[in-house]
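Engineer: After the structure tokens below, expect a handful of questions from me.
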Amino acid sequence: MAKRKTKFVCQECGYETPKWMGKCPGCNQWNTLVEEMTAAPANSRHVFQTSSTSATTKPEKITQIKSQKEPRMPTDMPEFNRVLGGGIVAGSLVLIGGDPGIGKSTLLLQVSAQIAKKDFPVLYISGEESSRQTKLRAERLDITSDELYVLSETNLQDVINQIENIEPRFVVIDSIQTIFKEDVTSAPGSVSQVRECTSHLMRIAKSKGIPIFIVGHVTKEGSIAGPRLLEHMVDAVLYFEGERHHTFRILRSVKNRFGSTHEMGIFEMKEKGLEEVLNPSEIFLEERSQGAAGSIVVASMEGTRPVLVEIQALISPTAYGNPRRMATGLDNSRVPLLMAVLEKRAGLLLQNQDAYVKVAGGVKLDEPAIDLAVAISIASSFRDQSSNGDDVVVGEVGLTGEIRRVARIEQRVQEAAKLGFKRVIIPKKNMDGWTPPSQIEVIGVSTVQEAMKVTLGDS
Ligand code: TYD
Ligand code: MG
């Protein structure tokens, strides 16, 4: 028998070292190195050989490679399809992460049922719940598809045997942290196990052309447990997010080899499972406090779809010490920057003010086109002057207070018009080259001061 060696593997970042250390040199975390057995070398060589000899590939001229769209299998949920870039790609390995209880199992069981309804066999592997528990969930979701197979199993080899048996068209592994491979000695959920199992599943997905979705738990810091490396191994990484106390759930992709990473799908958790939200703007604006100081609506792009969201700011004098700057749902560093621009260019004395800025509805916006709306909401709260409830604002703010051009202006304005807003304030540079809808007034501005004059009036 080949000699077995041990190594120490960091459970946070996957760093490997032959000797134990208190602090991982890779990620600087303490006490994360765990002793693990290295697999017998003969064995690993064997695995490597089989995978490399199975396909003898030669370099091809790029002009002669046949381009072919990846075959995709759409589900009945357009929101889910869009996040994936238009449906499930055959042979893809997709990782879904999210907090416990957010609805990952529910979402994937619903998707499985929809595929099974089309008479494609689906294998749902649950390492966390018994088949009975999955059945109870299925009853709650009214799932009656005959082609949906449920397996409560954690041994990777058995899982693979069943995949070969049933020949499913779609596989769900819930979750990767419960699956183990026998020849890896460390516990399920450890870096080595997660990595080995994932790479094995990757080979199965690619060689058989079966799309496999794996659920991954999220650590306290919010990344998928196990090494970052896991994210590099898979074709797509989706996060399912939302606040526990709210019913809205957002599915977003942070990596996608087959589509854009800016898309998001919005769902609502109901009594009978997840329902799609097809009109997000209406929902996000539902609770808007019209006419309050510090509130303004922005037209932001989430991938290819415009959404209207309210931005709220609260500016109040600092009681003691350094002023606080807090941002929820947007980049933290934009708030002090925009406040500095307002102070310097528009003469607002903001240095002794605390600032709290929030994107309402629990959405996260990360494009510069929301700058102007953030600036206006800060100015509005500072002056205690309400903005016009019928206004939508969009534009990037530069350091000299100039308003810069944004992408996809037409779609943003159309969405604002669709929802009945009367005016939209946009960068002047965006005014040319398109025809705005007739029912909305479009105002072009070139500086922050100008935008403040339009939205808040003179003071
Ligand atoms: P679950 O899918 O088990 O979450 P995860 O797999 O991400 O841990 O979701 C569980 C939560 O969803 C639980 O709090 C109950 C709720 N839920 C509903 O509100 N409606 C439903 O139809 C179902 C199945 C679950
Ligand atoms: Mg679950």
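Every number here is computed from the coordinates shown, using simple stated rules; none is lab data. Not measured: the values here are computed from a predicted model. Note: ideal-geometry Cβ built from the backbone for every residue, glycine included; neighbour counts use all protein chains shown.
Engineer: Suppose R0 equals 25 Å. What FRET efficiency, 1/(1 + (r/R0)^6) with r the Cβ-Cβ distance, do VAL34 and ASP183 give to the nearest 0.05? The partial results should precede the final answer.
Structural biologist: Details: r = 18 Å, r/R0 = 0.70.
The formula returns an efficiency of 0.90 here.
Engineer: On a 0 to 90 degree scale, rounded to 10, what angle separates helix 371-383 from the longest Cα axis of the chain?
Structural biologist: Between helix and principal axis, roughly 50 degrees.
Engineer: Bin by bin, in steps of 5 Å, what percent of the Cα pairs in segment 89-231 do you find, going until the bin that has the longest distance?
Structural biologist: 2, 10, 21, 24, 22, 14, 6, 1, 0
Engineer: Hey, another quick one. I'd like the orientation of helix 131-140 relative to the chain: the angle between its Cα long axis and the longest Cα principal axis, in ° from 0 to 90, rounded to 10.
Structural biologist: Roughly 30 degrees, rounded to the nearest 10.
Engineer: Let me ask you something else. For n ≥ 4 DSSP H runs only, could you compute -39500 (n - 2.57) per run for the chain, divide by its residues and tell me the 222 nm figure to the nearest 500?
Structural biologist: Details: 12 runs with 129 residues, N = 459.
Theoretical 222 nm ellipticity from helices: -8500 deg cm²/dmol.
Engineer: Go through the cysteines of the chain and tell me which have no other cysteine Cβ under 4.7 Å away.
Structural biologist: CYS197
Engineer: Considering amide H positions built from the backbone, and no H for Pro or chain starts, which residues 5 or more places from VAL397, or on another chain, come under 5 Å of its amide H?
Structural biologist: ASP371, LEU372, ARG404
Engineer: On a full-extension model of 0.36 nm per residue, what is the gain between ALA319 and GLU275, subtracting their alpha-carbon distance, rounded to one decimal in nm?
Structural biologist: 11.3 nm
Engineer: A further question follows. Note the full-extension length gain between ARG383 and ARG257 as 0.36 nm times their separation in residues minus their Cα-Cα distance, in nm to one decimal.
Structural biologist: Roughly 40.7 nm would be gained on extension.
Engineer: Starting from the Kirkwood Rh over alpha-carbon pairs, what translational D in µm² s⁻¹ does the chain have by Stokes-Einstein at 25 °C and 0.890 mPa s?
Structural biologist: 98 µm²/s
Engineer: Tell me, what HN-Hα J-couplings in whole Hz come from the Karplus equation 6.51 cos²θ - 1.76 cosθ + 1.60 at θ = phi - 60° for each residue of segment 83-88, using x for Gly and Pro?
Structural biologist: Whole-Hz 3J(HN,Hα) from phi for segment 83-88: 4, 7, x, x, x, 7.
Engineer: Using unit Cβ charges (K, R positive; D, E negative) and no other charged atoms, how large, in debye to the nearest 20, is the dipole of the chain about its Cα centre?
Structural biologist: Dipole magnitude for the chain comes out near 1340 debye.
Engineer: Let me ask you something else. With a cap of 11 neighbouring Cβ atoms within 10 Å, and only residues DSSP puts in a loop, list the trypsin sites (Lys or Arg not before Pro) found in segment 233-325.
Structural biologist: For trypsin sites (Lys or Arg not before Pro) across segment 233-325 that sit outside H, G, I, E and B with at most 11 neighbouring Cβ atoms in 10 Å, the list reads ARG244, LYS272.
Engineer: Turning to a different aspect of this structure: May I ask you to sort CYS24, CYS13 by Cβ crowding, counting other Cβ atoms within 10 Å and putting the fewest first? Walk me through the numbers before you get to the answer.
Structural biologist: Working: CYS24 21, CYS13 18.
Going from least to most buried by this count: CYS13, CYS24.
Engineer: Can you check what the net charge comes to around LEU33, using other residues whose Cβ is under 15 Å from the Cβ of LEU33 (Lys, Arg +1; Asp, Glu -1)? Can you show the working numbers first?
Structural biologist: Details: positive: LYS7, LYS19, LYS23; negative: GLU12, GLU16, GLU35, GLU36.
Local net charge: -1.
Engineer: Between helix 409-418 and the chain, what is the angle of the helix's C-alpha long axis to the longest principal axis, kept within 0 to 90° and rounded to the nearest 10?
Structural biologist: That works out to roughly 80 degrees.
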